[in-house]
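Everything on this sheet refers to the single structure shown next.
The values are calculated or read from the model by the stated rules, or taken from the named source; none is laboratory data. This structure is a prediction, so every number in the text was calculated from the model and none was measured. As a convention, Cβ positions derive from the backbone with ideal geometry for all residues, glycine included, and neighbour counts pool all protein chains shown.
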C-alpha cells in the first residue's frame, strides 16, 4: 500500500475540509492504517462499531453491500465510507452543511479508490508474473517424459502446484 500517496490525499482533504475534526483510513477490521487528528484507539472503536453496523445492516436487508454509514449528532458527524472491499475512510466533522461535507468525502474517496485500484492491479500482475516464472523454471525433463509428452497433469489447487 502506497502510504505516502495516501497520506498526501488525506492531508489535502483534512486541510480543505470545513469542520474537520479527524480522519482515519482503516482496514476491514477497523484497525487504523493511517490517522490525522484522531488517536488510533478512538478510530479503532468508532470504525469497528460502524463496520459491524454496516455488515449487520447489509445482512438484515439482504443487500450486496453498504457504501456509507453516517451518525449525525447535534455537534457533528461521523461518516464511514467504503474505499475498497478491505479499506474504509472514517471522517469526523463538526456541524457543517452536510452536502458540502459529502461532496468533499466523495472526491477524496474517488482519489483513494484510484490509488488502491492501482495497487491491487500491481499486486495481481506480480502474482501472475511469479507464477509464470515458477512454471518457466521447471525444466522440460520435469514436465515431459522420453516421448516429449507431459508426464503428469499440473493442476493449481490453492497456494501451490502439487508434486
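Summary table below
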| quantity | calculated |
| --- | --- |
| Strands (runs of 3 or more DSSP E) completely within segment 7-75 that count 2 or more residues being more than 18 Å from the chain's Cα centre (by Cα), in contact (Cβ under 8 Å) with a residue 24 or more places away in the chain and surrounded by 14 or more Cβ atoms within 10 Å (Cβ to Cβ) | 20-27 |
| Qualifying residue in segment 145-156 (condition: touching a strand residue (DSSP E or B) at 6+ places or on another chain (Cβ under 7 Å) and modelled with pLDDT of 85 or more) | no |
